[in-house]
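Heads up, the thing below is written out as structure tokens.
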Amino acid sequence: MKEYIMALDQGTTSSRCIIFDKGGNICSMAQKEYTQIYPVAGWVEHNPMEIWSSQLSVAMEAMAKLGINANDIDSIGITNQRETTIIWDRNTGEPVYNAIVWQCRRTADMIDILKNTPLSDRIRQKTGLIPDAYFSASKIAWILENVEGVREKADRGELLFGTVDTWLIYKLTGGKVHATDYTNASRTMLFDIHKLCWDKEILDYFKIPVNMLPKAYPSSYVYGITDSNVLGGEILIAGVAGDQQAALFGQCCFEPGDVKNTYGTGCFLLMNTGYTAINSKNGLLTTIAAGEKHDVEYALEGSVFVGGASVQWLRDGLRMIKSAGQSLEYATAVEDSNGMYIVPAFAGMGAPYWNPYARGTVVGITRGCSKEHFVRATLESIAYQTDDLITAMQEDAKVPLNSLKVDGGASANDFLMQFQADITGEKVNRPKCIETTALGAAYLAGLATGYYKSREEIKANWQLDTAFCPDISDEHRNGLKKGWKRAVKCALIWAQEGE
Ligand code: ADP
């Protein structure tokens, strides 16, 4: 049996490769940042060739560091930035335009128009998404409409579309395979997550020919074999999932009610809801969870726009701390936030409030407030926002939370994790391996090839680093949460008054 699994983790700012052994231990890692292209304010692009070359070079580097070659690798799992859109020529393999990145707002007007049509609600029902410029559909339409000669090529059936996973599969197989997985498909806003097929009505609205679209398969599935010239040998490509769904899988959130939160620049909270696709009443997204079967499992997803970014703001904007890690020192130097709340609604508030006009608010300042309180209140705001999402998910899913598993850069902050447990009133479990995104992709690949026999075998790999248990009274918790709600109200009222 081959010893290792290779995970390709194609993120928004860097391409990474991690090689895992069967125990889920990191044996080798390589990472490369690549160019962010901002042609116009609000627009974000990547060069697809640079995505590919950076990904290829880290794969080679990770193998070289470990002194292994393609023959030592059982299979490859791919995980990627979601929604980012690439269109290329099916004959030459040449992209017709740069990749339009998920963050890019260039199609916001297109979505505003769509939102005033009856299709908007049907998109919600069919795709589980709230129409937005983030998703691939309007980005594809933009390229078809605005890049010279592209519409004609599309009409002649000469173009292929892919999210980043599809682009990497295509390049890795030497152009032989044009495929995606259900989780990535579910972020295009073109995929019916109930029927598991591309939706004709939405495709027609955006004037996207169906022959451009990849075939969609389960996340754990043998997609193809790498061209032997690419990585110096043939390796099975057997796992594919969007980054957040890969992390949910890597955290072994296999049961309904299992939740993971990734504390990065923003926070991404996903709850496994089993075989039921739940329509959220609180503005959460319904999405497909990574799995190995055609009868897919679903998840609810919510995000905190400003998570770790608020710590960056303390460091770079307010210059209150020298490093993100230092926030722990200040936050724990005081007993509490001295009645102060910070709502970092720098660009509006997401679920469950959904108000684009809300703005950042600081309330409860008294003469006794110090920098320490300010830092503490900022960290606390990350936990309060996460808690709001958890409450919304529990209401929607009507299942109790099993446990909250955490990962991402800011999950290293023990104060934040303890405060999360206190506020949510649930145990917070931080695993030893917080590279859960790459790990999830590796697990999906290993399950498809038989490297892993079952999810149970994978579960045995999940190792606890620290469990944070709630340590405040219900009364104390309710008082704190009441204060947070009042602070949020202030951020929302500010928006109203501005209108
Ligand atoms: P991303 O993948 O979004 O770039 P990461 O998972 O690398 O994010 O996490 C980086 C974010 O976490 C930054 O916003 C940073 O401010 C925050 N962060 C990192 N370490 C800490 C820490 N010890 N305490 C609080 N926040 C932290």
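Here are some notes:
- Within the stretch 402-418, if we keep just the residues that are under 20 Å from the mean Cα position of the chain (by Cα) and more than 16 Å from the ligand (Cβ to nearest atom), the residue that is surrounded by the most Cβ atoms within 10 Å (Cβ to Cβ) turns out to be 404.
- Residue match in the stretch 465-473 (condition: of a type in the set (A, V, I, L, M), at negative phi and in contact with an Asp or Glu (Cβ under 8 Å, 6 or more places away or on another chain)): yes
- Boolean, residue 473 is under 17 Å from residue 23 (Cα atoms), without any contact (Cβ under 8 Å) to a residue 24 or more places away in the chain, exposed (fewer than 11 other Cβ atoms within 10 Å of the Cβ) and hydroxyl-bearing (Ser, Thr, Tyr): no
- Elements of type helices (runs of 4 or more DSSP H) in the stretch 102-216, at least 3 residues being open to solvent by less than 20 Å² (accessible area, probe 1.4 Å) and not aromatic (Phe, Trp, Tyr): 119-127, 136-146, 164-172, 182-185
- Among the residues of the stretch 456-468, those that are surrounded by 12 or more Cβ atoms within 10 Å (Cβ to Cβ) and over 13 Å from residue 23 (Cα atoms) comprise 465, 466, 467, 468.
- Considering residues of the stretch 337-347 that are more than 12 Å from the ligand (Cβ to nearest atom) and in contact with a Phe, Trp or Tyr (Cβ under 9 Å, 6 or more places away or on another chain) only, the residue farthest from residue 365 (Cα to Cα): 347
- Residue within the stretch 268-280 that is outside any loop (DSSP other than H, G, I, E, B), more than 20 Å from residue 135 (Cβ to Cβ) and under 15 Å from the mean Cα position of the chain (by Cα) present: yes
- Taken over the stretch 337-370, residues that are more than 25 Å from the chain's Cα centre (by Cα) and surrounded by fewer than 22 Cβ atoms within 10 Å (Cβ to Cβ) amount to 12.
- Boolean, residue 449 is within 28 Å of residue 477 (Cα to Cα) and either surrounded by fewer than 21 Cβ atoms within 10 Å (Cβ to Cβ) or out of contact with any Asp or Glu (no Cβ under 9 Å at 6 or more places or on another chain) (or both): no
- In the stretch 8-25, of all residues being farther than 17 Å from residue 67 by Cβ and within 15 Å of the ligand (Cβ to nearest atom), the one that is most open to solvent (accessible area, probe 1.4 Å) corresponds to 13.
- Scanning the stretch 327-336 for residues that are out of contact with any helix residue (DSSP H, G or I) (no Cβ under 6 Å at 6 or more places or on another chain) and closer than 11 Å to residue 415 by Cα yields a count of 1.
- Residue 292 meets all of the listed conditions (1) of a type in the set (D, E, K, R); (2) away from the ligand (no atom under 16 Å from the Cβ); (3) open to solvent by 70 Å² or more (accessible area, probe 1.4 Å) but one, namely (3).
- For beta carbons closer than 7 Å, sequence separation of 6+ or different chains, a first residue in the stretch 261-282 that is within 14 Å of the ligand (Cβ to nearest atom) and a second that is open to solvent by 60 Å² or more (accessible area, probe 1.4 Å) and in a loop (DSSP other than H, G, I, E, B), the qualifying pairs are 266/305.
Results for (1) among the hydroxyl-bearing types (Ser, Thr, Tyr); (2) open to solvent by 20 Å² or more (accessible area, probe 1.4 Å); (3) within 16 Å of the ligand (Cβ to nearest atom), shown as yes or no for each residue.
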site: 420; (1), (2), (3): no, no, yes
site: 430; (1), (2), (3): no, yes, yes
site: 439; (1), (2), (3): no, no, yes
site: 445; (1), (2), (3): no, no, no
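- For the stretch 54-80, a tally of residues being open to solvent by 10 Å² or more (accessible area, probe 1.4 Å) and of a type in the set (S, T, N, Q) returns 3.
- Looking only at the stretch 14-46, and only at residues there that are of a type in the set (Ser, Thr, Tyr) and not in a strand (DSSP E or B), the one that is nearest to residue 3 (Cα to Cα): 34
- Selection count, the stretch 322-341, where residues are of a type in the set (A, V, I, L, M) and either out of contact with any Asp or Glu (no Cβ under 8 Å at 6 or more places or on another chain) or touching a residue at least 60 places away in the same chain (Cβ under 8 Å) (or both): 4
- Hits in the stretch 26-48 (condition: surrounded by 15 or more Cβ atoms within 10 Å (Cβ to Cβ) and acidic (Asp, Glu)): 45
- For the stretch 373-400, the tally of residues that are open to solvent by less than 50 Å² (accessible area, probe 1.4 Å) and more than 17 Å from residue 281 (Cβ to Cβ) stands at 15.
- Checklist (1) in a helix (DSSP H, G or I); (2) hydrophobic (A, V, I, L, M, F, W, C); (3) farther than 26 Å from residue 448 by Cβ; (4) open to solvent by less than 60 Å² (accessible area, probe 1.4 Å) applied to residue 51, failing item: (3)
- Considering only residues in the stretch 301-336 that are open to solvent by less than 10 Å² (accessible area, probe 1.4 Å) and among the hydroxyl-bearing types (Ser, Thr, Tyr), the one that is nearest to the ligand (Cβ to nearest atom) turns out to be 327.
- Any chance residue 264 is closer than 19 Å to residue 80 by Cα and in contact with a strand residue (DSSP E or B) (Cβ under 6 Å, 6 or more places away or on another chain): no
- Check on residue 256, closer than 27 Å to residue 122 by Cα, more than 16 Å from the ligand (Cβ to nearest atom) and open to solvent by 50 Å² or more (accessible area, probe 1.4 Å): yes
The values are calculated or read from the model by the stated rules, or taken from the named source; none is laboratory data. Model, not experiment: these values are computed from the prediction. A quick note on method: Cβ atoms are made from the backbone with ideal geometry, for glycine too, and the neighbour counts reach across all protein chains shown. Accessible surface is based on the protein model in full, side chains and every heavy atom, while ligands, DNA and RNA are left aside. Shrake-Rupley method; radii C 1.70, N 1.55, O 1.52, S 1.80 Å.
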